């Protein structure tokens, strides 16, 4: 077969591929065909206007359709007329006319026949418009091959197509870097003189257009690939702890929890057991804590004596990815050095190896149990958080009901347990969607526990607490969450909080940080201090995000620190140092 004929066949094959992509794309606005082994879905889940700007939230899901492990991925998204406002669960590199979207360490690897989601962007523009071209690069684990031309341990797949959203049928023509190379001899012959497969030919052309693919993640990756370890819920460096009898100072508007020292509340830690992560030898004592259950009174929280309580503490990151920080020694360090009186256990339902997406349910529940009991022995409250993020909570309503029915039955006698039933809903109006969801889940909890405090998220990442005014849930022991990131959420969100509490809505800030809403970026100390003053003046409880060493601004532990307890001040990030002083009321 002569070379001109080969080029002709290649041209036809590539044209057919492009036609297939175009057809798939034109009739299914969410789906972007990557290759035979991976697909990308981009869904515009929310949009709004503010100060003359149009904002749209796009959620990205990447599915590995192959029987091999997908070991790495990158996206290239043309900017068009958009500006980047926020991003999460990814790192963004500005490359001039496009953004390079790279994974975090915990969602870099996608197992065979699995998906990762929760990668998201908020983009702004002067008016409603559509997304530009998007390209994906994927790498797969090494597999045996009979192709004599194979020289790489990984197969890289590159396809360029066009992303669309729910407001448009299409966003323009489909382009592919290989098109620009069709007039050039891109086909090669192997030892038998046969053509390479079409996919490899497309790769040759696409690589000419997409040279940044190799090594682009080097600066964005952390040293440890937590996604490979996420199912191994191993407790590290658990140190033996001993309860003390010292009463902590009770400050204005703050009830500090006491330690108890008795035979039925001591934590027995065998050194060998602690090192192995086996909790079978740990004896947990009474589920009673000195200040008793917290409950809503008016728009505030009070303890069993009726004294107002301001809970101050920290949240874990997702326990599927950072389980090692939820241990008794870590909680003891935070209580003794920071003065926390609450810990929040964040469990993602839908994200990679989450409770509903391939995670080991029994191991995740075991980790929650470890946290609940360790907190009880230390006299700390604990929040079990169903970490809904960027979607309507009704998508997992039945599963949430089953989960909280199980948890509330298991911990109905624990005075320290609080339930957070939907972390950060998005695209879910309060009256018609979030409130009915909450009523169903709360009903399941109340079948077992009539007294536990319950926290309910609000729309737009728990910012729309003002929507609850005049439409609260008919349950006397419910708080409504507001979340803020000080470098992004300023006066407008503070005004929502003030409006809610001035109208009798009990608000609980169950997640906050002092950087921007992406969890990275710079710290805004001015607005951080403004938020802290507002919370303290109104005796509003708050939780800092997050207890881990992830390489982002909001992580409370430095990324260079491998300790999982017993931290010194130098081990904390700038955000960690700020929150330590804030919680200590210094």
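The values are calculated or read from the model by the stated rules, or taken from the named source; none is laboratory data. Values in this document were obtained by computation on a predicted structure and should not be read as measured data. Cβ sites come from the backbone with ideal geometry, for glycine too, and all protein chains shown count toward neighbours.
Table for the structure above
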quantity: Residue tally, condition part of a helix (DSSP H, G or I) and buried (at least 24 other Cβ atoms within 10 Å of the Cβ), over segment 409-440; calculated: 3
quantity: Which numbered condition residue 492 fails, given (1) surrounded by fewer than 16 Cβ atoms within 10 Å (Cβ to Cβ); (2) touching a residue at least 24 places away in the same chain (Cβ under 8 Å); (3) over 26 Å from residue 347 (Cβ atoms); calculated: (2)
quantity: Residue pairs meeting the criteria (Cβ under 7 Å; at least 6 apart or on separate chains; first over 17 Å from residue 325 (Cα atoms), in segment 563-586; second surrounded by fewer than 16 Cβ atoms within 10 Å (Cβ to Cβ)); calculated: 577/569; 585/251
quantity: Residue match in segment 60-74 (condition: more than 25 Å from the chain's Cα centre (by Cα) and either modelled with pLDDT under 65 or under 21 Å from residue 99 (Cβ atoms) (or both)); calculated: no
quantity: Test: residue in segment 370-377 that is under 21 Å from the mean Cα position of the chain (by Cα), over 20 Å from residue 547 (Cα atoms) and in the same structural domain as residue 339 (by TED's automatic domain parsing); calculated: no
quantity: Residues of segment 443-475 classified as within 24 Å of residue 398 (Cβ to Cβ), touching a strand residue (DSSP E or B) at 6+ places or on another chain (Cβ under 9 Å) and assigned to a loop (DSSP other than H, G, I, E, B), total; calculated: 7
quantity: Of all residues making up segment 497-534, the number that are in contact with a strand residue (DSSP E or B) (Cβ under 7 Å, 6 or more places away or on another chain) and assigned to a helix (DSSP H, G or I); calculated: 4
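Yes/no per residue for (1) modelled with pLDDT of 95 or more; (2) assigned to a strand (DSSP E or B); (3) more than 19 Å from residue 441 (Cα to Cα):
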position: 319; (1), (2), (3): yes, no, yes
position: 335; (1), (2), (3): yes, no, yes
position: 346; (1), (2), (3): yes, yes, no
position: 357; (1), (2), (3): no, no, yes
position: 397; (1), (2), (3): yes, no, no
